[in-house]
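First comes the structure, then the notes that go with it.
Values in this text are rule-based calculations from the coordinates and carry no lab data. This one's a predicted model, so the numbers in the text were calculated from it and none came from an experiment. Cβ: placed from backbone, ideal geometry, glycine included. Neighbour counts: every protein chain shown.
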Amino acid sequence: MVKLLAKSPVEGLVPLEINGLTLTESGLGPVTSVAPYAGQEAAASGALKALIGAEMPSPNRSTGREGARVIWTGAGQAMVVGADVDASLAQHAALTDQSDAWVTFRLQGQGVEDVLARLTPLDLNPGVFKTGHAARSQLGHMNAVFLKVAADAFEIMIFRSMARTAVHEFEIAMKAVAARAALS
Amino acid sequence: MRIKCPLCGDRDSREFTPMGHETYMNRPDDEGWSPAWDNYLHLRDNPAGVTRELWYHGAGCTSWLRVERDTVTHDILRVELASDAKRGNA
């Protein structure tokens with residue numbers, strides 16, 4: 001039997017460190033899409049809470065903590081990351097294993113919003129977008145999920161097939177912010 | 001131009017795709033050909049003023065939205081989920 005080696009989608013591309021900002025891969029573990037059936041939203045949320053200790057988040061929010069997080073990713077859908085989802089939840093919601101479909105970056109450091117401001121139209125002002133907030137938007141021309149995990153850190157989920165492009169976009173933005181900082 | 005998505009909040013227009021007039025929400029009941037289908041597929045007004053359109057929030061929550069806007073001033077007057085609007089009409 002052929003043994004396949006697991007390979008990170010950003011093998012050899014990260015970590016990057018530019019002027020105090022770091023870009024790393026955040027190994028989230030399993031990623032499962034949970035989409036409650038019509039009328040089953042409350043039941044799905046309750047069952048999820050019983051299984052992993054975090055309920056379904058409201059729009060633009062996340063619940064739980066690192067290792068068992070639920071991130072809102074669109075109308076009627078959330079992603080459970082870091083924890084396996086028991087198949088019993090399937091009676092209330094459509095479940096899809098998406099573990100290998102995503103690459104998750106962690107961008108951290110002072111002025112992280114300045115880098116992201118060059119890449120996404122989201123308003124990431126700390127007074128507006130707070131720790132635990134989540135949003136679906138674009139990073140460059142790629143669809144992305146943004147999650148603020150700390151005062152100076154974001155996790156950004158991108159489709160795995162676009163990992164190299166995403167690193168390229170991050171690097172250019174990080175360098176541009178660093179160059180501008182060097183001028184002032 | 002910015003659109004205030006009922007789920008995501010105030011977002012940039014690059015996240016949205018316009019589909020056309022809200023006529024597309026009201027598919028004719030009959031399955032055969034009729035003037036109602038001609039109207040549904042082809043006949044549109046071109047108002048200078050307030051109109052209602054369907055927009056898709058593809059880079060956000062992936063909801064279809066019904067957007068009421070003014071084609072002269074580009075003001076966005078009202079935004080609602082198309083699913084809510086459809087239920088309201090039924």
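Between 0 and 90 degrees, the angle of helix A:163-183 with respect to the longest Cα principal axis of chain A falls at about 40 degrees. The long axis of helix A:41-52 is offset from the longest Cα principal axis of chain A by roughly 80 degrees.
Are there trypsin sites (Lys or Arg not before Pro) in the range B:28-79 that DSSP puts in a loop and that have at most 12 other Cβ atoms within 10 Å, and which ones? Counting only loop positions with at most 12 other Cβ atoms within 10 Å, the trypsin sites (Lys or Arg not before Pro) in the range B:28-79 are B:44. For the residue pairs A:148/B:86; A:3/A:175; A:7/B:4; A:3/A:148; A:7/A:148, the alpha carbons lie more than 32 Å apart in A:148/B:86; A:3/A:175; A:7/B:4; A:3/A:148. With contacts taken as Cα pairs under 8 Å and at least 6 residues apart, the range A:31-99 reaches a relative contact order of 44 percent.
GluC sites (Glu not before Pro), restricted to the range A:54-148: which are DSSP loop and have at most 15 other Cβ atoms within 10 Å? Sparse-neighbourhood loop GluC sites (Glu not before Pro): A:66.
Based on C-alpha pairs under 8 angstrom that are at least 6 apart in sequence, chain A has a relative contact order of 23 percent. Percentage of Cα-Cα pair distances in chain B greater than 21 Å, rounded to whole percent? Cα-Cα pairs of chain B separated by over 21 Å account for 35 percent.
The simple Förster model, with R0 at 22 Å and r as the Cβ-Cβ distance, assigns residue A:3 and residue A:100 a FRET efficiency of 0.85. Using C-alpha pairs below 8 Å separated by at least 6 residues, the relative contact order for chain B is 27 percent. The Cβ shell under 12 Å around residue A:43 holds other residues with a net charge of -1, Lys and Arg each +1, Asp and Glu each -1. Considering only A:123, A:152, A:97, the mean-square fluctuation computed in a Gaussian network model of chain A, springs between alpha carbons under 10 angstrom, is largest for A:123. Per residue, chain A reaches -6500 deg cm²/dmol at 222 nm when only DSSP H runs of four or more residues are counted, each adding -39500 (n - 2.57). What the pair-distance distribution of chain A shows, using all Cα-Cα distances binned every 10 Å from zero, is 9, 36, 33, 16, 4, 1 percent. Taking a sphere under 13 Å around the Cβ of residue B:13 and counting the other residues whose Cβ falls inside, with K and R at +1 and D and E at -1, yields a net charge of +1. Cβ-Cβ distance of residue B:26 and residue B:4, R₀ of 22 Å, FRET efficiency by 1/(1 + (r/R0)^6): the value works out to about 0.35. Placing a label point 7 Å from the Cα of residue B:38 along the Cα-to-Cβ direction, the residues of the range B:1-29 whose backbone N falls under 17 Å of that point are B:28-29.
Comparing B:33, B:64, B:55 in a Gaussian network model of chain B, where Cα atoms under 10 Å apart are tied by springs, the biggest mean-square fluctuation is seen for B:33. The convex hull around the C-alpha trace of the range A:31-99, projected and averaged over every direction, spans 3.8 square nanometres. In whole Å, how far is the Cα centre of the range A:130-184 from that of the range B:11-82? The distance from the Cα centre of the range A:130-184 to that of the range B:11-82 comes to 32 Å. With the charge dipole of the protein assembly as shown set up from +1 on Lys and Arg Cβ and -1 on Asp and Glu Cβ about the Cα centre, the Cα lying farthest toward the positive end among the listed residues A:15, A:26, A:40 is that of A:15.
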